[in-house]
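Laboratory data are not the source of any read-out in this text; all were calculated from the coordinates shown. Model, not experiment: these values are computed from the prediction. Cβ coordinates were reconstructed from backbone atoms using ideal geometry, including for glycine residues, and neighbour counts include every protein chain displayed.
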């Protein structure tokens, strides 16, 4: 077996020197051919593709946060290789979503000996989305959070306070192949997964392998509904939060809305086209116990 392991050395603010040594020792012990790639944040896609083309690995492995995982997932989709995950970020939302071990020793066992499982992938305005995309409050929060280089829960709380002071009501038209909805709200999320990297549970019944995604419309901001996302109480109050199941969708807004994909702010937009790609990505998960 040959693994291409791409390491983000700065993800999570954690030095990866010991982790890299542990990866090398594991592969030597398991007689695994290792191609280790240290990412720089510049031309990483091209770098990974060059290593895939020349090294011909059997599996791609991402060590870093959700952004690193997304980068490797995009390559894995193009070259039809399974993706392994070694959690190395601050939130590790994807690892939690898939119930992967967060300690490196057990995560390496999954990468080497785990079972491939196909999961769905969202395509949002032509971009791969593994977790969640949204317009409105959360996208605005992400913009402020990164713009001001805030960190930790204190920074998150500052961002929430600022967003609530400046929140705008969205007038949206949501079209599925069979229905059209006209709604007002403060946020519209396209959810392939259940939770954000912060742990906020926006889509409690989400399943990354069910061939569909959920459109979660927050009609009005409510502290009760907000706290449900963190303490996982459900169901939502249908007067305040509406959930629409879809395989494809077209959304338009009357005014430009803040927009993010998988935690990356993408500017302000008036249109979203999204569709699910069922079982498009193969990920390595723990082998089932007998």
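Rounded, prolate or oblate for region 1-89? Axes are the square roots of the Cα gyration tensor eigenvalues, ordered a ≥ b ≥ c, and the cut-off for rounded is a/c under 1.5.
Because a/c hits 1.5 or more and a/b fails to exceed b/c, region 1-89 counts as oblate.
Using only Cα atoms, find the angle between the long axis of helix 17-29 and the longest principal axis of the chain, and express it within 0 to 90 degrees, rounded to the nearest 10.
In the chain, helix 17-29 runs at an angle near 50 degrees to the longest axis.
In nm, to one decimal, how far is the modelled label at residue 116 from the one at residue 182, with both set 7 Å along Cα→Cβ?
Between residue 116 and residue 182, the simple spin-label model gives 4.9 nm.
At what distance in nm do the modelled label points of residue 96 and residue 123 sit from each other, each positioned 7 Å from its Cα along Cα→Cβ?
Result: 3.0 nm between the two label points.
According to the Cα gyration tensor, what semi-axes, each the square root of 5 times an eigenvalue, does the equivalent ellipsoid of the chain have, listed from largest to smallest in whole Å?
They are 34, 20, 18 Å, listed largest first.
Could you line up 244, 202, 69 from fewest to most neighbouring Cβ atoms inside 10 Å?
Sorted ascending by nearby Cβ count, the order is 244, 202, 69.
Kindly work out what percent of the DSSP beta bridges joining two residues of the chain are antiparallel, to the nearest 5.
About 75 percent, rounded to the nearest 5.
Compare 13, 114, 185 in a GNM of the chain, Cα atoms joined below 10 Å, and give the one with the largest fluctuation.
13
What residue among 199, 88, 126 has the largest mean-square fluctuation in a Gaussian network model of the chain, using Cα springs under 10 Å?
Answer for the Gaussian network model of the chain: 126.
Specify the residue with the greatest mean-square fluctuation among 177, 87, 118, computed from a Gaussian network of the chain linking alpha-carbon atoms under 10 Å apart.
177
Take the alpha carbon atoms of region 237-252, find their center, do the same for region 1-28, and report the distance between the two centers in whole angstrom.
Each part reduced to its Cα centre gives a spacing of 40 Å.
Could you give the length gained by full extension between residue 220 and residue 54, i.e. 0.36 nm per residue of separation minus their alpha carbon distance, to one decimal place?
54.5 nm
Do the sum for the chain: with -39,500 (n - 2.57) for every DSSP H run of n ≥ 4, divided by all residues, what is the mean residue ellipticity at 222 nm, to the nearest 500 deg cm²/dmol?
-9500 deg cm²/dmol
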